[in-house]
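The values are calculated or read from the model by the stated rules, or taken from the named source; none is laboratory data. This is a predicted model, so every value here is computed, not measured. Here the Cβ positions follow ideal geometry from the backbone for every residue, glycine too, while neighbour counts run over all protein chains shown. Keep in mind that these areas ignore ligands, DNA and RNA; they rest on the heavy atoms of the full protein, side chains included. Shrake-Rupley method; radii C 1.70, N 1.55, O 1.52, S 1.80 Å.
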Amino acid sequence: MRPYVIVNTAMSADGKLSTRERRQVKISGAQDFNRVDRLKAGSDAVMVGIGTVLADNPSLTVKSEECRNNRLARGTSLHPVRIVVDSQARTPTDAKILHKEEGKRVIAVSKRADPAKVRELEKLATVIVAGDDHVDLTAMMEELGRMNIRRIIVEGGGTLIAGLIAAGLVDEIYTFIGNIIIGGKDAPTLADGPGFVKEAEFCRLVLLEARRIEDGILLHWKVEK
């Protein structure tokens, strides 16, 4: 049984996650930051792709003391499991996600990953091998389910999110749309990759909520199955 998957992103008014240089940009404010922290705290795991790790070096920890205490009161770990989808085992061994604070880490790689790099990462995280040239996302999710991970928040990037959507693995999407325009045809969007061509292939959404937060708007979608 695969985990329930929620995508959470912040984008500019023109749908960009960051600049064409993949440089992190502040799109939302404190209120949305707190919302995301609560969402993260209520999940078993937080997932990102290797591009996000290389560009932003996130820790993916729960920040607020209240959220941490709530997790401890439920008998769970202080932080959700931190997962990196990394086909070629490029995660730096000094990445924050592998060292900052306590908690379990998982890195998903393909069979093509350099065995020496995999061995180094195995010293710091649980390594899942799924897929030949690229991580097989469906097989990875099945393995995460066997690890008793039931609810995952995906925080980027666009290539990973596109792959999860194409594989039918996404259940909900939160998109905070900020009051800036970034522009650039090469700037990342919520769903990068090859995209869909036929309308029958399009991912269809049901709008659950539209709510103003600070100077932007939060859209909460359910993915039609």
Completion exercise
Along the range 99-113, Karplus-curve 3J(HN,Hα) (6.51, -1.76, 1.60; θ = phi - 60°) to the nearest Hz, with x for Gly and Pro, reads 10, 6, 6, 7, x, 7, 10, 10, 10, 9, 10, 9, 5, 7, 4
Fill in the blank from the handout: For the Glu209, Arg150 Cβ pair and Förster radius 22 Å, calculated FRET efficiency rounded to 0.05 is 0.45
Practice task
Subtracting the Cα-Cα distance from 0.36 nm times the residue separation, let me have the gained length for Val25 to Ser64 in nm, one decimal.
Solution key: 11.9 nm
Problem - Among Ala200, Gly183, Val129 - extreme Cα towards positive end, dipole of the chain, charges at beta-carbon - result: Val129
Handout entry: Unit charges at the beta carbon, dipole of the chain: most positive-side option, Thr159, Ala13, Pro115
Key = Pro115
Problem - Hull volume in cubic angstrom per residue (convex hull over the Cα atoms of the range 156-223) - result: 101 Å³
Completion exercise
FRET efficiency (Ala116, Thr138; Cβ distance; R0 25 Å; to 0.05) is 0.35
Handout entry: Solvent accessible area, Å² - Arg22, 1.4 Å probe, full protein context
Key = 100 Å²
Practice task
Treating each Cα of the range 13-127 as an identical point scatterer and ignoring solvent, apply the Debye formula and state log10 I(q)/I(0) at q = 0.16, 0.18 Å⁻¹.
Solution key: -0.82, -0.98
Practice task
Would you mind working out the magnitude of the charge dipole of the chain relative to its Cα centre, with +1 at each Lys and Arg C-beta and -1 at each Asp and Glu C-beta, to the nearest 20 Debye?
Solution key: 380 debye
Practice task
State, as an integer percentage, the relative contact order of the chain based on alpha-carbon contacts under 8 Å between residues 6 or more apart.
Solution key: 31 percent
Fill in the blank from the handout: Length gained, Val197-Leu78, 0.36 nm per residue minus C-alpha separation, equals 38.6 nm
Fill in the blank from the handout: Percent relative contact order for the range 78-212, counting Cα pairs under 8 Å at least six residues apart, stands at 18 percent
Exercise for the section: Find how much the distance from Asp94 to Lys123 grows on full extension, using 0.36 nm per residue of separation minus their present alpha carbon separation; answer in nm with one decimal. Expected result: 9.2 nm
Exercise for the section: Out of all DSSP beta bridges with both ends in the chain, state the antiparallel percent to the nearest 5. Expected result: 35 percent
Fill in the blank from the handout: Check: C-alpha center the range 128-175 vs C-alpha center the range 19-98, spacing in Å is 15 Å
Practice task
Give the distance, in whole Å, between the Cα centre of the range 1-18 and the Cα centre of the range 186-223.
Solution key: 8 Å
Practice task
Go through the range 7-20 residue by residue and turn each phi into a ³J(HN,Hα) via Karplus (6.51, -1.76, 1.60, θ = phi - 60°); whole Hz please, and just put x for glycine and proline.
Solution key: 8, 10, 9, 10, 9, 6, 4, 9, x, 9, 7, 6, 6, 5
